[in-house]
1. Could you grab me the full set of residues in the range 66-95 that are surrounded by fewer than 17 Cβ atoms within 10 Å (Cβ to Cβ) and either at pLDDT below 95 or touching a Ser or Thr at 6+ places or on another chain (Cβ under 8 Å) (or both)?
2. With respect to residue 143, determine if the residue is farther than 23 Å from residue 60 by Cβ and not hydroxyl-bearing (Ser, Thr, Tyr).
3. May I ask you to list the residues in the range 49-89 that are small (Gly, Ala, Ser) and assigned to a strand (DSSP E or B)?
4. Restricting the range 23-51 to residues that are among the aromatic types (Phe, Trp, Tyr) and touching a residue at least 40 places away in the same chain (Cβ under 8 Å), which is nearest to residue 106 (Cα to Cα)?
5. Could you list, in sequence order, the residues of the range 116-131 that are in a loop (DSSP other than H, G, I, E, B), touching a strand residue (DSSP E or B) at 6+ places or on another chain (Cβ under 8 Å) and either at pLDDT below 95 or closer than 14 Å to residue 36 by Cα (or both)?
Amino acid sequence: MRDARDRPRTWPETKWVPIVDRTTVAWLLDRFDGSFASGDLDTFVSMFTDDAIVLFHYLPPVVGRAAIRDAFGEVFEAFDTSDYRSRYHTVETHPGAAYAIGDIVEVLRPRAGGHGTRVLPRLVLFKRRVNSSWYITRLLTARAAPNEDV
């Protein structure tokens, strides 16, 4: 697995889509990973559409950019999220829409101190182009394994 801050990244090829779209979608994934790892809430939230939906495991849907800001703001405030690595297995880009499927290894360390928790989620991101920019419309996560104290 690669660390979210490693550059450059290699992405699965989708040969029938303009290179600009593939490059932009790859950049969006790098930005998603980097902003989560650094706890940069403003950058993280700016990548979602106003009507985006986040589906966390075992929780009700988080609907809308404001609610996403609240949910991830709580995470970034409570935890150091810098121990974060992602690997994308599938990145498909189509004119106007794209999706990515991947695995994450992250350790959430309480800012107040104490043991961290290793979380192994899988994620699916759906993106769409709005005007000339790409945004996340859906984020779905599920655990690949039980959480582990570290």
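1. Scanning the range 66-95 gives 75, 82, 87, 89, 90, 92, 94, 95.
2. Numbers: farther than 23 Å from residue 60 by Cβ: no; not hydroxyl-bearing (Ser, Thr, Tyr): yes.
So residue 143 does not fit the description; no.
3. Step one: of the range 49-89, the residues small (Gly, Ala, Ser) are 52, 64, 66-67, 71, 73, 78, 82, 86.
Within the range 49-89, 52, 82, 86 meet the criteria.
4. Of all residues in the range 23-51, those among the aromatic types (Phe, Trp, Tyr) come to 27, 32, 36, 44, 48.
Retained after the next criterion (residues that are touching a residue at least 40 places away in the same chain (Cβ under 8 Å)): 32, 36, 48.
On the way: 32: 14, 36: 10, 48: 21 Å.
Within the range 23-51, the match that is nearest to residue 106 (Cα to Cα) is 36.
5. 120
The values are calculated or read from the model by the stated rules, or taken from the named source; none is laboratory data. These numbers come from a predicted model, not from an experiment. So basically every Cβ, Gly included, is an ideal-geometry build from the backbone, and we count neighbours across all protein chains shown.
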